[in-house]
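Read through the structure below, which is laid out as structure tokens, and then see the notes.
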Amino acid sequence: MIAGCKVCAVLPAYNAARTLAQTIAGLDRQIVDEVILVDDASTDTTRDIARRLGLKYAFHRRNLGYGGNQKTCYALALEVGADIVVMLHPDYQYEPRLVPAMASLIASGVYAVALGSRILGGQALSGGMPRYKYVSNRFLTLVQNLLIGQKMSEFHSGFRAFSRRVLETLPLLANSDDFLFDNQMMVQCHWWGFRIGEISCPARYFPEASSINFRRSLVYGLGTLGVSARCALARAGVRPPPYLDRSSSARLSLAAVQDRIGETNVTS
């Protein structure tokens with residue numbers, strides 16, 4: 001625990017057998033009270049390794065996508081009574097030793113959301129980020145900051161931490177089941193007025209780390225601009241999309257997700 005807050009690390013996994021054990025080894029279990037892995041119908045041995053490591057886990061009956069995986073992760077974290085939830089990719093691209101620092105930002109009460117930024121510290125390229133991804137990250141972040149009125153160093157990191165109140169408030173079921181989920185969630189956090197903090201986080205790019213190809217990156221980039229543009233339009237008085245509609249937030253907030261789970265050992 002940190003400051004009396006129960007900390008849960010959630011790992012949205014898909015074919016993470018080669019890097020899962022290394023990621024788990026980097027977690028400080030004196031700080032992290034719960035670790036929950038959600039396997040999105042992997043075709044490798046991720047499930048067997050999760051069992052061998054003694055993790056709390058859940059397995060989807062079918063592949064639901066990166067965003068769909070996160071919905072299950074956060075719902076299960078709330079079920080076990082987490083006060084702070086840190087999402088860590090099990091591909092060892094982000095530094096698991098920084099989980100306590102991320103959780104501390106939330107436990108302080110200063111921030112409701114924390115982001116591990118690959119841009120702060122200037123180590124993205126030296127860590128192996130492809131140059132086209134670095135340039136597109138900087139461009140998209142600049143445009144999105146202007147559209148929604150933020151000053152974040154990046155919108156696209158997958159290393160994030162949230163307070164329980166954030167996860168209970170946002171209409172996350174309205175978000176995409178694909179990679180656009182991350183961006184929609186960051187815009188939601190801004191729209192609902194949750195304070196967002198950032199820390200510098202080095203990232204590793206290597207063959208075993210997951211990454212989307214150029215074509216999917218292009219689709220994702222255009223989608224993120226659309227998310228921020230719709231936020232700007234809503235701020236100007238245009239009817240907001242469902243993921244920014246406050247009137248439907250209770251109906252679309254996270255609820256039980258047992259219908260999508262084929263096997264789990266997660267108990268509250």
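The values are calculated or read from the model by the stated rules, or taken from the named source; none is laboratory data. What you see is a predicted model, and the numbers here were worked out from it, not measured in a lab. Methodologically, a virtual Cβ is constructed for each residue, glycine included, from the backbone with ideal geometry; neighbour enumeration extends over all protein chains shown. Note: areas computed on protein heavy atoms with side chains; ligands, DNA, RNA excluded. Shrake-Rupley method; radii C 1.70, N 1.55, O 1.52, S 1.80 Å.
In table form, for the structure just shown:
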quantity	calculated
Candidates 87, 129, 185, ranked by Gaussian network fluctuation over the chain, Cα under 10 Å, top entry	129
For the chain, radius of gyration divided by Kirkwood radius, i.e. Rg to Rh on alpha-carbons	0.93
Helical mean residue ellipticity (222 nm; -39500 (n - 2.57) per DSSP H run of 4+; nearest 500) of the chain	-11000 deg cm²/dmol
Candidates 200, 117, 126, ranked by Gaussian network fluctuation over the chain, Cα under 10 Å, top entry	126
In Å², nearest 10: area of residue 5 left accessible to a 1.4 Å probe	30
16 Å cut-off, amide nitrogen to a point 7 angstrom out along residue 232 Cα→Cβ, residues in region 123-154	139-152
Listed residue pairs exceeding 32 Å between alpha carbons, taken from 6/133; 56/151; 71/151	6/133; 56/151
Region 2-120 shape via C-alpha gyration tensor axes, a/c threshold 1.5	prolate
Å² per residue, accessible surface of region 1-111 at 1.4 Å	36
Exposure rank, largest accessible area first [243, 205; 1.4 Å]	205, 243
Net charge over other residues, Cβ less than 13 angstrom from the Cβ of residue 153 (K, R count +1; D, E count -1)	+1
Residue with peak Gaussian network fluctuation, the chain [Cα springs, cutoff 10 Å], from 181, 159, 139	139
Rounded percent of accessible protein surface that carbon and sulfur make up, region 34-79, 1.4 Å probe	45
